[in-house]
Amino acid sequence: MSDVDAGPRDNPVPSDVDLRRVWTGVAAEVWRREPGPLERLAGQLLRSPGLARALLTTPSLVVPWLIASVVVLAAGAIAARGTGQPLVELVAPAVAAAGIAYAYGPGIDSAWELSRSMAVSDRMVLLVRALGVFAVDAVLGLAASAASGSAAGITFGWLVPMTAVSALALAAATLARSANVGVAAGLAGWTIMVLSGPASGGLIGYAVSNSALVLPYLAFAASCAAIVGYATRIPRGPS
Amino acid sequence: MNVELTDLTRRFGRTQAVAGVNLATGPGVFGLLGPNGAGKTSLLRMMATVIPPTSGTLRLLGRDPSGYGPRREIRRRLGYLPQSLGYYPGFTVVEFVEYFALLKEMPAAQVPAAVAAAVERVDLGSKASSRLRTLSGGMLRRVGIAQAIVNGPELLLLDEPTAGLDPEQRVQFRSLLRDLGQHATVVVSTHLVEDVGAACGEVALMDQGKIVFHGTPGELTARAEGTTAAGDAPLERGYSAVLAQSRS
Amino acid sequence: MDDDELIARLAGGDDTALRELLSLHAPWLAARLRMALPAADVEDVLQESFLAAWRGAGSYRPEGAAAGWLWGIARRQAALWLRRRGRAALLVHALAQAGPPAAADPVDAALTRADLEEAVAALGPPGEPEREVWRLLYVEDRPVAEVAELMGVPQGTVKSRAHRARRRLRAALLGGRPAAEGGPR
C-alpha cells in the first residue's frame, strides 16, 4: 500500500463531526428527483405537489396505456374512414371507461389503506385522476374523430355518453373494489346502449347521435358520481 | 395528551370489533398487545383516521378528526404503517417514500432531506435506488416504516411493524422506537410480546374488542405471579394470565 | 474494490459507490479539515466535497491517486466555503497554527506547493523586488542582513518589501479581501 493509502485512513473521525449527517445531506441531493415540467405545471394548477405527483403516476396515464389508447382509437378512425360508420365515437367511450376504472381506488391501488390516511385525501386524488384520464381520452378521441372525417355533431356528441359510461365504470370499480368489474360494467353498459339503436330500428350510431339522450346521460352520470362520493365517504361523526 | 379515546366502538355489520375502549396517552412508546381478532387493527385504523368510529369520541393531537380541516391537520402530523402494506412494484425505495411525503403535504423543499434521513434511519441506504419489486419482505416492511416516519410525525401508528424483520433488525427497530418515543406518541400493535417488553413504557392488552389490561410491562409481568400461566418468558406469562382471567 | 473502481462506478451514477467512498475517506478528510474549521463547517464542506466528487467523477484519471483527488476537492470546497462566509482570515491563521505539512504526506505537500506557486506568481515575474525578497528570505531562509547585502538595499527596505510580499500573497491566497483586514492594498 502506498503512503497515500496508509496515511490518510489512519486518522480517526473527530468526535464532534457527524458523518451520518454528512451522508444524509449528500444522499438528499443525489437521490433528489426534480419534477419534470408537466409535474411542475400540474403542481401550480392544482396548488399541491402531492396531487400533481399522484396525477402523473396514474396507472392509466402511463406511457404504455396511452399508446394502447392511441392505437385503439387510430384503428377506429381508419376503420371509420373505410366503412363510413362512426366507429371512433363508439369506441372512444369504451376506452375512456377502461381508463377511468383503472385510474385509482381500491383494487387498483395496492397501498389503498395507506392512501386513506393521507392529508391529500384519496377522494381528491380520485377526482383529479378521473378528470385527468377523462381529459386525455377526450382529446385523443376528438383527434381520432376529426381524423376519421365525422361530422362536427358526431365529433363532439359522444363526449356526453363518454361521461356517463366513465361514471358508470368508476362507480362499479369503487363499489366492487375492482378495476376489472368497473371495466366490465362500463363496457357492458355501453354495449347495451350501442346495440339498442339497431334493436329499436335505429342506426348503430344512435347512442352517440340522439340528442334526446343528452339529459338522461347527464342524469345517469350525476347518479354514478353520487354513488362514488358515498362509497368513498368518511361521515362527519358517528355513522 | 396526543391520543384520547372515550367509549370508542367500531362495528362491522353485526361484528363488534372494538367494544368500548378508553385510552389516553402522551409522548412515549405505547404497546398494544392481543391475540388475532382482538380489535387491535380496527383500533389503529380509527386512530389513523382511515375508518370512523361507530360511537364514542376520538381526539388525536388535540383535534376531532370528524371535521375535514382538523382531520387534514392530524394527517399531516401522522405516520401510519398498516398491517399489510401494498407497494408499487415499479417505484424505487426513494420514490415510494417521497410519494407519501408529498401526500402528507410536507413542504416540497424539505422532502429530499427528510426522505434521505428516513431511508437511512431504516438502514436501506444501500437499496435507495432499487425497485420495490426486487426487495425482500423484511426490506419492504422497512420501506413502510420509512414512509411512516418521513414527516417526523407526532403520532406514529405501527401495525405489526416487525413482521419479516430478522432478530438484528428487530433490535435496531426497537432502538428506533425508543428514539422516536422521546418526542412523539408511538403506538405499536403487535402479537410479539418481546417487542413490547423491550421498547414500550406502557402496554394495553386487548381481547374481544376491549382493553383488559393497561399498565407498564412490569405490571403485566407481575400479573402472572401466583398463577400457572403458560409462556416461556415472564411477560408472556403475564399476558397469558391476564387473558385467562378476562375470559373466565 | 479499490478507489479507482469506486470512482469509475461513481461516474456511472452508482450511488452505493459514493456511499462506500464516503465511508472510506470521510474520516480522514474530516480529521484534516477539522484542523482548520469548526465541526459544523467540516460537515458542510465534506457534504459539498462529496457532491462535487459525484458530479466530477467523470474527469478523474485513474492513476491510484484517489485520496489526493479527494483532498484537492475538499481543499477547494473549504476555501470556497470560507470565502463565501468571509472567514478566510481564519483559514490563514489556522493553517499557520497547523504547522508545515508532514513530510510523510507527499500529496498534501504537492498540493500546497501548487497552491503556493499560483500565489507567488502574484508577486510578479522572477527578478521583481518582492519576488526576490520572497525567494531569498522565505524560500532560501536567509537572515535579513544577508538578504539586504545580496540585494544591495538597506535592511529596512528588505523588511518593507517582505511586508508587501506577505500582503500580496495573503490577498492572492484569500481571493482578495484586503479592505476588511485594514489598510489599502
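Just so you know, all these numbers are worked out from the coordinates, no wet-lab data involved. Fair warning: this is a prediction, and the values are worked out from it, not measured in the lab. Positions of Cβ are backbone-derived with ideal geometry, glycine not excepted, and every protein chain shown enters the neighbour counts.
Applying 0.36 nm per residue to the separation of A:Thr83 and A:Ile67 and subtracting their alpha-carbon distance, the gain on full extension is 3.4 nm. Potential lengthening of the chain between A:Thr191 and A:Ala74 amounts to 40.1 nm, from the contour at 0.36 nm per residue minus the alpha-carbon distance.
Toward the positive end of the charge dipole of the protein assembly as shown, with +1 on the Cβ of Lys and Arg and -1 on the Cβ of Asp and Glu, the farthest Cα among A:Leu73, B:Leu176, C:Ala39 is that of A:Leu73. Would you mind classifying region A:64-195 by shape? Square roots of the alpha carbon gyration tensor eigenvalues, ordered a ≥ b ≥ c; an a/c under 1.5 is rounded, otherwise it is prolate if a/b is larger than b/c and oblate if not. Prolate shape, in that a/c is at least 1.5 and a/b is the bigger ratio. Taken one residue at a time, the phi angles of region B:111-128 give Karplus couplings (6.51, -1.76, 1.60, θ = phi - 60°) of 4, x, 5, 5, 5, 4, 5, 5, 5, 5, 4, 9, 6, 10, x, 6, 10, 4 Hz. Gly and Pro are set to x. The length gained on full extension between C:Lys159 and C:Val139, counted as 0.36 nm times the residue separation minus their Cα-Cα distance, comes to 5.7 nm.
Among the residues of B:102-113, the average count of other protein chain beta-carbon atoms within 10 Å of the residue beta-carbon is 6. A Förster radius of 35 Å combined with the Cβ-Cβ distance from B:Ser175 to A:Arg123 puts the calculated FRET efficiency at roughly 0.40.
The lysines whose alpha-carbon is closer than 23 Å to the alpha-carbon of B:Lys210, local same-chain residues fewer than 8 away aside, are B:Lys40. Once the Cβ-Cβ distance of C:Glu5 and C:Arg166 is raised to the sixth power relative to R0 = 45 Å, the FRET efficiency obtained is 0.50.
Here the Kirkwood formula puts the hydrodynamic radius of region B:81-152 at 11.8 Å, using every distinct Cα pair. Given R0 = 35 Å, the distance between the Cβ atoms of A:Asp16 and C:Asp14 translates into a calculated FRET efficiency of 0.70.
Towards the positive end of the charge dipole of chain B, with charges on Cβ (+1 Lys, Arg; -1 Asp, Glu), say which of B:Ala117, B:Asn22, B:Gly90 has the farthest Cα. After comparing all options, I get B:Gly90.
With axes computed from alpha carbons, what is the tilt in degrees of helix B:234-247 against the longest principal axis of chain B, rounded to the nearest 10 within 0 to 90? Around 60 degrees separate the two axes.
With θ taken as phi - 60° and the Karplus curve 6.51 cos²θ - 1.76 cosθ + 1.60 applied, the whole-hertz 3J(HN,Hα) list for region C:143-153 is x, 4, 4, 5, 4, 4, 5, 5, 8, x, 9 Hz, x standing for glycine and proline. With the charge dipole of the protein assembly as shown set up from +1 on Lys and Arg Cβ and -1 on Asp and Glu Cβ about the Cα centre, the Cα lying farthest toward the positive end among the listed residues B:Val196, A:Leu175, B:Ala233 is that of A:Leu175. Amide hydrogen proximity for B:Phe213: with H placed 1.01 Å from N in the peptide plane, the residues at 5 or more positions away or on another chain lying under 5 Å are B:Leu205. For peptide B:67-73, the mean count of partner chain Cβ atoms within 10 Å of a residue's Cβ comes to 2. Taking the Cα centre of the protein assembly as shown as reference, the dipole from Cβ charges on Lys and Arg (+1) and Asp and Glu (-1) amounts to some 2080 debye. With the simple spin-label model, which puts each label point 7 Å out from Cα in the Cβ direction, the A:Glu29 to B:Ser136 separation comes to 3.4 nm. Using only the Cα atoms of the protein assembly as shown, build the gyration tensor, take square roots of its eigenvalues as a ≥ b ≥ c, and label the shape rounded, prolate or oblate: rounded if a/c is under 1.5, else prolate if a/b is larger than b/c, else oblate. Note, shape of the protein assembly as shown comes out oblate. Over the Cα atoms of region A:22-71, Rg to Rh with Kirkwood Rh, two decimal places? Reported Rg/Rh (Cα atoms, Kirkwood Rh): 1.15.
Each peptide in C:148-161, C:42-55 receives the mean, over its residues, of other Cβ atoms within 10 Å, and ordering these scores from highest gives C:42-55, C:148-161. Take the Cα of C:Glu149, step 7 Å toward its Cβ, do the same at B:Ala109, and the gap between the two points is 6.6 nm.
Placing pseudo-labels 7 Å out from each Cα toward the beta carbon at A:Ala212 and B:Asp64 gives an inter-label distance of 5.2 nm.
Only Cα pairs under 8 Å and 6+ residues apart enter the sum, and on that basis the relative contact order of region B:142-248 stands at 18 percent. For region C:1-91, the square roots a ≥ b ≥ c of the C-alpha gyration tensor eigenvalues yield an a/c of 1.5 or more together with a/b exceeding b/c, which makes the shape prolate. The mean count of C-beta atoms from other chains within 10 Å of the C-beta of residues in C:20-31, rounded to a whole number, is 5. When each of the peptides B:150-157, B:98-105, A:26-33, A:97-104 is scored by the mean number of other C-beta atoms lying within 10 Å of its residues, the order from highest to lowest reads A:97-104, B:98-105, B:150-157, A:26-33.
Computed from Cα positions, the angle between helix B:137-149 and the longest principal axis of chain B comes to roughly 80 degrees.
Around the Cα centre of region C:1-91, unit charges on the Cβ atoms of Lys, Arg, Asp and Glu (plus for the first two, minus for the last two) sum to a dipole of about 640 debye. Region B:200-248 and region A:75-119 have Cα centres separated by 53 Å.
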